[in-house]
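The values are calculated or read from the model by the stated rules, or taken from the named source; none is laboratory data. Predicted model only: the values in this text are computed from it and were never measured. Note: ideal-geometry Cβ built from the backbone for every residue, glycine included; neighbour counts use all protein chains shown.
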Amino acid sequence: MQLTAITSDFTTKNWKRSPNYLFAAKSNVLPVVVSELARLVPAMPLGFVKDGDVFKFVAITSLQHNTNLFVAPDGSWIVDYIPAVIRSYPFHLVKPQDREDLVLCFDTDSGLLCEVGEGEPFYDGDEPSQLVKMALNLLSETETSRVVTQRFVNALQETELIQPWPLNIQEGEKTTKVEGLYRIDETALNALPDEDFLTLRKSGALGLAYGQLLSTNQLSVLSKAAQVQTKIKEQVQALAASQAQNLSDTGFRMSSSDDTFKF
């Protein structure tokens, strides 16, 4: 990934939307924010990963590294909700070391930078184009929510509610322990002193905790997605290269709406 600040130099360049989600095919966890919680909880399991001494709130797309079960072999996204971090690609907000504000950047390694006459413009005259403004708005709203989310996560960490998640992958007779994923300890949450519980409720962190707990019901989504992946691969092998792949009978509904840059 090569992130380049979008400046007036980009007036002589255009960009293309990604035709698929293959860029996320190896991301088994995705950073998510609390403003997405209502749409995330019914769609996919949520948890935490450790980054140094702090925890980060994530959506779990697979229990195996370098695998995203929600991205089909043809690049389609096969669950109902697409997290903001995916929808905003190939745009990113970056904080340079020598500046306090965030800068809108473009991933020039994405293969989506093109010449004028193709794709979409970065600028409309001297102003950013409407689509670029929409990308910036999505990223800005996500960043605002990210700060709030991290505050909630830190509060949950301070009360020692985030604990290792005992998960296993069963492959035939082989059982592999999943490392690096964390969840809310429901027993510890229910045993919190009244003062700590009230503090979490007033701060808003309690909602995130309950959201994570509710989302554990979606671990079955990973199993269904894995079955869909297997079925799609079998279909691809059975079809001639010139035939269109029909996924409508896989038993797993694909996301059909284009929510790119919408929050």
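Summary table
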| item | result |
| --- | --- |
| All positions within segment 150-165 that are in contact (Cβ under 8 Å) with a residue 12 or more places away in the chain and either touching a Phe, Trp or Tyr at 6+ places or on another chain (Cβ under 6 Å) or not hydrophobic (A, V, I, L, M, F, W, C) (or both) | Gln150, Arg151, Val153, Asn154, Gln157, Thr159, Glu160, Ile162, Gln163, Pro164, Trp165 |
| Hits in segment 202-242 - residues which are without any contact (Cβ under 8 Å) to a residue 12 or more places away in the chain and touching a helix residue (DSSP H, G or I) at 6+ places or on another chain (Cβ under 7 Å) | Leu206 |
| Checking Arg17 against (1) surrounded by 15 or more Cβ atoms within 10 Å (Cβ to Cβ); (2) in contact with a Leu (Cβ under 8 Å, 6 or more places away or on another chain); (3) not β-branched (Val, Ile, Thr), the condition it does not meet | (1) |
| 2 or more residues touching a Pro at 6+ places or on another chain (Cβ under 7 Å) and either at pLDDT below 95 or loosely packed, with under 14 Cβ neighbours inside 10 Å (or both): qualifying helices (runs of 4 or more DSSP H) within segment 147-263 | 219-238 |
| Pairs, first over 15 Å from Gln64 (Cα atoms) in segment 176-201, second part of a loop (DSSP other than H, G, I, E, B), C-beta under 6 Å, six or more apart | Arg183/Trp165; Ile184/Leu161; Asp185/Leu161; Ala188/Leu161; Leu189/Leu161; Asp196/Thr159 |
| Residue count for segment 136-149, restricted to those that are touching a Phe, Trp or Tyr at 6+ places or on another chain (Cβ under 8 Å), under 15 Å from Pro31 (Cα atoms) and polar (S, T, N, Q) | 2 |
| All positions within segment 36-80 that are of a type outside the set (A, V, I, L, M), within 24 Å of Thr159 (Cα to Cα) and surrounded by fewer than 17 Cβ atoms within 10 Å (Cβ to Cβ) | Lys50, Asp51, Gly52, Asp53 |
